[in-house]
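Undergrad: Structure in structure tokens, see below.
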Amino acid sequence: MNGDFWQSFLMISDIYTVGFLVLLCIFFGIIHYLYRKRKMDFSLVVLIGMGLGCILGILMQYMAGFPNDPMKITFIKETTNWLQLFGNGYIDLIKMIVVPLVIVSIAHVIVNMKSEQKMSRLVKKTILVTMSMVAVASIVGIAFGIFFNVGGDALTNVATEAKAKEIVSVATTLRGLIPGNLVDAMVKNNIIGMVIFGAFLGRAIWWIKADEPKVEESMRKLVNGLHKALMNMALLILDYMPWAVIALLANTIAQKGLDSILSVVHFIFVLYLAIIAQFIIQLIALSVNGINPIVYMKKSLALLILAFTSRSSVGCLPVTIETLTQKLGVNQATASFVAGFGTTAGMQGCAGIFPSLLIVYVCHLTGTAMDFSMIVMTIIVVTLGSLGIAGIPGTATMAASVGLSGVGMASSFSLIGPILAIDPLIDMARTMLNVSGSVTNALIIDKRLGNLDENIYLDENIYNEINKN
């Protein structure tokens, strides 16, 4: 199958490409049978889809002989192109409703608020809980980096292709979150900017009540109707997750060479251990606040799998809000605000554990003492630097830039080139921790505000009914 039509247009010019696409269709059929015909539990089907995606990705690597640069292999290049259609296309479908959902959700919260309710309490508790958990994540990253001597046995003659991003001040970053241009904020996925706009819009509608009660009522019904429609859209899109995770995970595994993974396998291993430790800390935090962590894990499993495979906090936002409100009993105001805030600031994986572990890694590589002052400086820099890092794939370079520059090691940025080269593999776990952090933060905040609906949170019948729909 030679010629531009097969090689460039269809991108199906290799017999292996045909074989793997047929296998993908078979896997899709298995999911269809289990989910649609057998009515298997949604979270279990998503987990099966994740396993099938892992098998497909590893099989592609095996048939290619585990090459150093998989994308130079014709059938991998072609197959992953089709995998992106089903995987990344699904994430684009979710992102399609992020902008209207955030604006309408916040407006919906404000217009339905009672006069005695105070948004300031929610904002203060969100900032306090979120930044405290990032500081804890930073401590975990440092502790694991020191204990496992990350970078201590690594080679110093590493690739120097990695380049740091330009660093801006905290004040400038915070100002940039204010949406001077709403359309520009939408394009740049400035979630905090859209939260601010939605809050002002909702408050403006709420104020109409004093002068024009009938107008205010009609506007409130419009906002409530739009909110219901957008949440239904999120549910419709969520229903296709079991198929999407196959393509998402297979694509990530197939595109990375084995050698690039082996060169930094120690770092990957320690990072995943640190993430597991931070996840356990999140569960402990739930328990301390009187929230059952087992129920949380069961009802959030599908969301966490989506976060793991999609590597996008923003892409998961509609599903995060839906999970918080429909499955976990979190108040709409808390869910919308905390989840939206968590896509831009306070990400425990990308902006907490990862940059802290990188700083320890570079310190060991360069022989810099990781003493008490460096540890304290790292915690402060990482915690403050977590503000304003966008929740989309590829934030690792910015987080690394902020962290290393903040502790005075910007000149050593090139040493982390091998780690950034395999970023998609470590970004999966980081993003899952980001999203789980947003969810656990929202649960804790809502519990402290006295708004958490325990009946929804603990009702297995509601959980099972949602999965069947």
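The values are calculated or read from the model by the stated rules, or taken from the named source; none is laboratory data. Worth saying up front: this structure is predicted, and the values here are computed from it rather than measured. Positions of Cβ are generated from backbone atoms using ideal geometry, with glycine treated the same way; all protein chains shown enter the neighbour counts. Heads up: the accessible areas ignore ligands, DNA and RNA and are worked out on the full protein's heavy atoms, side chains in. Shrake-Rupley method; radii C 1.70, N 1.55, O 1.52, S 1.80 Å.
Undergrad: Go over the candidates Ala143, Ala107 one by one and state the one that is touching a helix residue (DSSP H, G or I) at 6+ places or on another chain (Cβ under 6 Å), crowded, with 16+ Cβ neighbours inside 10 Å and not in a loop (DSSP other than H, G, I, E, B).
TA: Ala107
Undergrad: Quick check: is even one residue across the range 80-94 open to solvent by 10 Å² or more (accessible area, probe 1.4 Å), closer than 28 Å to Leu358 by Cα, modelled with pLDDT of 85 or more and hydrophobic (A, V, I, L, M, F, W, C)?
TA: No, the range 80-94 contains no residue that is open to solvent by 10 Å² or more (accessible area, probe 1.4 Å), closer than 28 Å to Leu358 by Cα, modelled with pLDDT of 85 or more and hydrophobic (A, V, I, L, M, F, W, C).
Undergrad: Go through the range 1-96 and tell me which helices (runs of 4 or more DSSP H), entirely inside it, have 2 or more residues that are farther than 18 Å from Leu236 by Cα.
TA: Result: 15-32, 42-63, 74-86.
Undergrad: A follow-up question, please. Restricting attention to the range 395-404, does a residue exist that is at pLDDT 80 or above, over 17 Å from the mean Cα position of the chain (by Cα) and open to solvent by 10 Å² or more (accessible area, probe 1.4 Å)?
TA: no
Undergrad: Could you run through the range 110-153 and say how many residues are of a type in the set (A, V, I, L, M, F, W, C) and at pLDDT below 85?
TA: Going through the range 110-153 one residue at a time, the tally reaches 6.
Undergrad: For the range 19-36, state whether one or more residues are over 29 Å from the mean Cα position of the chain (by Cα) and open to solvent by less than 50 Å² (accessible area, probe 1.4 Å).
TA: Checked against the condition, which is being over 29 Å from the mean Cα position of the chain (by Cα) and open to solvent by less than 50 Å² (accessible area, probe 1.4 Å), the range 19-36 yields at least one hit.
Undergrad: Being at pLDDT 80 or above and open to solvent by 20 Å² or more (accessible area, probe 1.4 Å) is the filter here; which residues of the range 231-254 pass it?
TA: Hits for the range 231-254 are Asn232, Met233, Leu236, Asp239, Tyr240, Trp243, Ile253.
Undergrad: Against the condition at pLDDT 70 or above and closer than 30 Å to His266 by Cβ, how does Asn157 come out, does it pass?
TA: Against the criterion (at pLDDT 70 or above and closer than 30 Å to His266 by Cβ), Asn157 does not qualify.
Undergrad: Quick check on my filter: what residues within the range 288-301 are open to solvent by 60 Å² or more (accessible area, probe 1.4 Å) and among the polar types (S, T, N, Q)?
TA: Asn292
Undergrad: Limited to the range 357-378, what total is found for residues that are free of Cβ contacts under 8 Å to residues at least 24 places away in the same chain and of a type in the set (Phe, Trp, Tyr)?
TA: Summing the residues that are free of Cβ contacts under 8 Å to residues at least 24 places away in the same chain and of a type in the set (Phe, Trp, Tyr) in the range 357-378 gives 1.
To keep it simple, each residue is scored yes or no on (1) within 19 Å of Thr323 (Cβ to Cβ); (2) out of contact with any Asp or Glu (no Cβ under 8 Å at 6 or more places or on another chain); (3) surrounded by fewer than 21 Cβ atoms within 10 Å (Cβ to Cβ).
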residue: Leu420; (1), (2), (3): no, yes, yes
residue: Pro424; (1), (2), (3): no, yes, yes
residue: Asp427; (1), (2), (3): no, yes, no
residue: Met432; (1), (2), (3): yes, yes, no
residue: Val439; (1), (2), (3): yes, yes, no
residue: Ile444; (1), (2), (3): yes, yes, no
residue: Leu449; (1), (2), (3): yes, yes, yes
residue: Glu454; (1), (2), (3): yes, yes, yes
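Undergrad: When Thr74 is evaluated against the numbered criteria (1) closer than 24 Å to Ser310 by Cβ; (2) β-branched (Val, Ile, Thr); (3) surrounded by fewer than 22 Cβ atoms within 10 Å (Cβ to Cβ); (4) modelled with pLDDT under 90, which criterion, by number, is the only one it fails?
TA: (1)
Undergrad: Just name the residue that is modelled with the highest pLDDT out of those in the range 405-418 that are among the hydrophobic types (A, V, I, L, M, F, W, C) and open to solvent by 20 Å² or more (accessible area, probe 1.4 Å).
TA: If we take residues in the range 405-418 being among the hydrophobic types (A, V, I, L, M, F, W, C) and open to solvent by 20 Å² or more (accessible area, probe 1.4 Å), then Leu415 is modelled with the highest pLDDT.
Undergrad: If you don't mind, there's one more thing I want to ask. Between Phe341, Phe354, Phe372, Phe308, which is at pLDDT below 85 and out of contact with any Asp or Glu (no Cβ under 8 Å at 6 or more places or on another chain)?
TA: Criteria check complete, one pass: Phe341.
Undergrad: From Phe269, Phe341, grab the single residue that is out of contact with any Gly (no Cβ under 9 Å at 6 or more places or on another chain), within 25 Å of Asn224 (Cβ to Cβ) and aromatic (Phe, Trp, Tyr).
TA: Of the residues listed, the single one that is out of contact with any Gly (no Cβ under 9 Å at 6 or more places or on another chain), within 25 Å of Asn224 (Cβ to Cβ) and aromatic (Phe, Trp, Tyr) is Phe341.
Undergrad: If the Cβ limit is 6 Å and pairs must be 6+ apart or interchain, which residue in the range 433-451 that is within 15 Å of Ser336 (Cβ to Cβ) and outside any helix (DSSP H, G or I) pairs with which residue that is open to solvent by 10 Å² or more (accessible area, probe 1.4 Å) and at pLDDT below 95?
TA: Hits for this filter: Asn451/Asn331.
Undergrad: Under 7 Å by Cβ, and 6 or more places apart or on different chains, what pairs join a residue from the range 41-56 that is within 10 Å of Leu301 (Cβ to Cβ) and open to solvent by 10 Å² or more (accessible area, probe 1.4 Å) with one that is hydroxyl-bearing (Ser, Thr, Tyr) and in a helix (DSSP H, G or I)?
TA: Matching pairs, first to second residue: none at all.
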